[in-house]
């Protein structure tokens, strides 16, 4: 959840997308695939809606009630325009509509390895296994590209429901830190806000079998 501004991409940027139109998994009527530049709008809209529903009390109301969709669109347009080899995004869609997404960065932390920077599921599609499947597909990609890497993420300290979700999937709380404000603007936070790091030293524990 530790959303950050897009960083300059290394020389590997500009590579062709990794089969962005090809389903890599299905869960009933939901299909999962790699994200492409055309997904920036739907991803931004879902991201903004998720923030408005789940980040009240951490993010300032003036920010959440403002034009956060436009802010997120600029963020995701830049982030998805060029995806370097060490970053990847997976989206979930049903009947052509985006209902979830995950974005990860390999080698983000020397101790914990890969970093699941974003995981969001539409409120209308929660408790349907979509978040679990997105995490499993993320783990598969990490294992394929970095066999010895772990996986971690940050979650708001106030988001107890999300913490229980991660704990039920084997996540271990390993750290606590102050939350970086979106866009680096302190006025977008309500005072000091903290986040918790959850880690999976062996991402294989997230894989779905059967």
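Please state which of the following conditions residue 183 fails to meet, knowing it meets all the rest: (1) in contact with a strand residue (DSSP E or B) (Cβ under 7 Å, 6 or more places away or on another chain); (2) modelled with pLDDT under 95.
Condition not satisfied by residue 183: (1).
Can you go through 139, 78 and tell me which one is modelled with pLDDT of 95 or more and surrounded by fewer than 19 Cβ atoms within 10 Å (Cβ to Cβ)?
On the way: 139 fails: surrounded by fewer than 19 Cβ atoms within 10 Å (Cβ to Cβ).
Only one candidate qualifies: 78.
Yes/no per residue for (1) in a loop (DSSP other than H, G, I, E, B); (2) more than 23 Å from residue 107 (Cα to Cα); (3) more than 18 Å from the chain's Cα centre (by Cα); (4) without any contact (Cβ under 8 Å) to a residue 12 or more places away in the chain:
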residue	(1), (2), (3), (4)
161	no, yes, no, yes
164	no, yes, no, yes
174	no, no, yes, no
180	yes, no, no, no
191	yes, yes, yes, yes
197	no, no, no, no
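Just for segment 96-116: of the residues that are at pLDDT 95 or above and not in a strand (DSSP E or B), which one is nearest to residue 153 (Cα to Cα)?
Pass one, segment 96-116, residues at pLDDT 95 or above: 97-116.
From the residues that got through so far, the ones that are not in a strand (DSSP E or B) too are 110-112.
On the way: 110: 14, 111: 13, 112: 9 Å.
Here the answer is 112.
Within the bounds of segment 61-75, is there any residue that is within 19 Å of residue 161 (Cα to Cα), surrounded by 19 or more Cβ atoms within 10 Å (Cβ to Cβ) and either free of Cβ contacts under 8 Å to residues at least 40 places away in the same chain or out of contact with any strand residue (DSSP E or B) (no Cβ under 8 Å at 6 or more places or on another chain) (or both)?
Scanning segment 61-75 turns up no residue that is within 19 Å of residue 161 (Cα to Cα), surrounded by 19 or more Cβ atoms within 10 Å (Cβ to Cβ) and either free of Cβ contacts under 8 Å to residues at least 40 places away in the same chain or out of contact with any strand residue (DSSP E or B) (no Cβ under 8 Å at 6 or more places or on another chain) (or both).
Pull up segment 19-33, narrow it to residues that are crowded, with 16+ Cβ neighbours inside 10 Å and in contact with a helix residue (DSSP H, G or I) (Cβ under 9 Å, 6 or more places away or on another chain), then point me to the one that is modelled with the lowest pLDDT.
The extreme case among them is 20.
Yes/no per residue for (1) in a strand (DSSP E or B); (2) at pLDDT 95 or above; (3) more than 27 Å from residue 189 (Cβ to Cβ):
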site: 17; (1), (2), (3): no, no, yes
site: 39; (1), (2), (3): no, yes, yes
site: 45; (1), (2), (3): no, yes, no
site: 51; (1), (2), (3): no, yes, no
site: 118; (1), (2), (3): yes, yes, no
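Need the failing condition index for residue 204 against (1) touching a residue at least 60 places away in the same chain (Cβ under 8 Å); (2) under 15 Å from residue 89 (Cα atoms); (3) assigned to a helix (DSSP H, G or I), just the number.
(2)
In segment 147-157, what residues are out of contact with any helix residue (DSSP H, G or I) (no Cβ under 9 Å at 6 or more places or on another chain) and surrounded by fewer than 22 Cβ atoms within 10 Å (Cβ to Cβ)? I'd like the intermediate steps shown before the answer.
Initially, segment 147-157 is screened for residues out of contact with any helix residue (DSSP H, G or I) (no Cβ under 9 Å at 6 or more places or on another chain), giving 147-148, 152, 154.
147, 148, 154 - these are the residues of segment 147-157 that are out of contact with any helix residue (DSSP H, G or I) (no Cβ under 9 Å at 6 or more places or on another chain) and surrounded by fewer than 22 Cβ atoms within 10 Å (Cβ to Cβ).
Inside segment 121-142, can you point out the residues that are farther than 13 Å from residue 205 by Cα, part of a helix (DSSP H, G or I) and touching a strand residue (DSSP E or B) at 6+ places or on another chain (Cβ under 9 Å)?
Step one: of segment 121-142, the residues farther than 13 Å from residue 205 by Cα are 121-131, 134, 141.
Still in the list and also part of a helix (DSSP H, G or I): 123-125, 130-131, 134, 141.
Result: 124, 125, 130, 131, 134, 141.
The values are calculated or read from the model by the stated rules, or taken from the named source; none is laboratory data. Remember, predicted model here, so these are calculated numbers, not experimental data. Here the Cβ is made from the backbone with ideal geometry for all residues, glycine too, and neighbour counts use every protein chain on show.
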